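Read the structure below first, then the notes.
The values are calculated or read from the model by the stated rules, or taken from the named source; none is laboratory data. Computed from a predicted structure; not experimentally measured. Glycine gets a Cβ as well: all are built from the backbone with ideal geometry, and neighbour counts include every protein chain shown.
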Amino acid sequence: MRSVDSKTTLLHYLARAMLARDPRCLTKLATQTSALERARGVSLGEKRAEAETASQALQNMRALLGSSAKDPLAKLLKPSVAEHGPTLDALQAQLKKADVVLKELAIWFAEKPAPPADVFGPLAAFVLDLELAAKESLGEEEREKELARKERLRDTFSRGAQQRRDFMQACTARPSAHQD
């Protein structure tokens with residue numbers, strides 16, 4: 001949506017309003033949403049499949065440990081199972097939580113549950129467009145300030161030039177008045 005001047009969009013207005021309220025707000029927003037671009041490329045299905053593969057391997061290792069405690073391979077695997085087992089369990093719990101939170105976020109945006117690209121993509125694009133609109137607005141404001149400054153200088157120089165002309169006319173008029 002563009003304004004009457006065809007330069008200002010609703011995004012430009014929003015960016016200016018946000019900057020007027022807090023000049024650092026867009027920087028804060030960009031910092032807080034910096035992971036959106038990477039998040040939209042994540043496939044939770046792929047991550048779940050990778051975690052499931054690792055979980056199956058861990059279960060196989062645990063079964064091997066339980067069946068043959070005297071096996072030399074079992075002795076080598078025991079520290080690895082003890083170290084990586086809790087990490088893998090935590091990863092699977094995080095994946096389940098991420099799935100739930102993604103669905104909640106999609107619903108909050110009034111969308112049906114969707115993959116991360118469909119949820120985070122538009123949000124990342126909006127933040128990027130908002131930053132660009134802010135830069136354009138700031139550039140436009142800077143140009144307007146520069147034009148106003150030049151106009152003030154021009155007025156000052158014009159007034160100074162006029163004052164010099166008046167002074168010169170007054171100076172040239174005085175001697176001729178004295179000569180009469």
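Couple of notes before you dig in:
- Matching residues in segment 87-99 - criterion: being free of Cβ contacts under 8 Å to residues at least 40 places away in the same chain and either touching a helix residue (DSSP H, G or I) at 6+ places or on another chain (Cβ under 6 Å) or surrounded by fewer than 10 Cβ atoms within 10 Å (Cβ to Cβ) (or both): Leu88
- Residue in segment 134-141 that is at pLDDT 80 or above, part of a helix (DSSP H, G or I) and of a type in the set (Gly, Ala, Ser) present: yes
Okay, residues lined up against (1) of a type in the set (Val, Ile, Thr); (2) under 39 Å from the mean Cα position of the chain (by Cα):
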{"site": "Gly41", "(1), (2)": "no, yes"}
{"site": "Glu50", "(1), (2)": "no, yes"}
{"site": "Thr53", "(1), (2)": "yes, yes"}
{"site": "Gln56", "(1), (2)": "no, yes"}
{"site": "Leu73", "(1), (2)": "no, no"}
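Okay, residues lined up against (1) under 25 Å from Lys78 (Cα atoms); (2) surrounded by 15 or more Cβ atoms within 10 Å (Cβ to Cβ); (3) not assigned by TED's automatic domain parsing to the domain that holds Leu95:
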| residue | (1), (2), (3) |
| --- | --- |
| Met18 | no, yes, yes |
| Arg21 | no, no, yes |
| Thr27 | no, no, yes |
| Thr31 | no, no, yes |
| Leu36 | no, yes, yes |
| Glu50 | yes, no, no |
| Ala57 | yes, no, no |
| Arg62 | yes, no, no |
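- Residue in segment 101-119 that is among the charged types (D, E, K, R), touching a His at 6+ places or on another chain (Cβ under 8 Å) and under 30 Å from Thr27 (Cβ atoms) present: no
- Condition broken by Thr8, with the remaining ones in (1) over 30 Å from Glu140 (Cβ atoms); (2) under 35 Å from the mean Cα position of the chain (by Cα) satisfied: (1)
- Which listed residue, of Pro122, Pro115, is over 30 Å from Thr8 (Cα atoms), within 22 Å of the chain's Cα centre (by Cα) and at pLDDT 80 or above: Pro115
- Checking each residue in segment 21-45 for being basic (Lys, Arg) and within 18 Å of Leu102 (Cβ to Cβ) picks out Arg38, Arg40.
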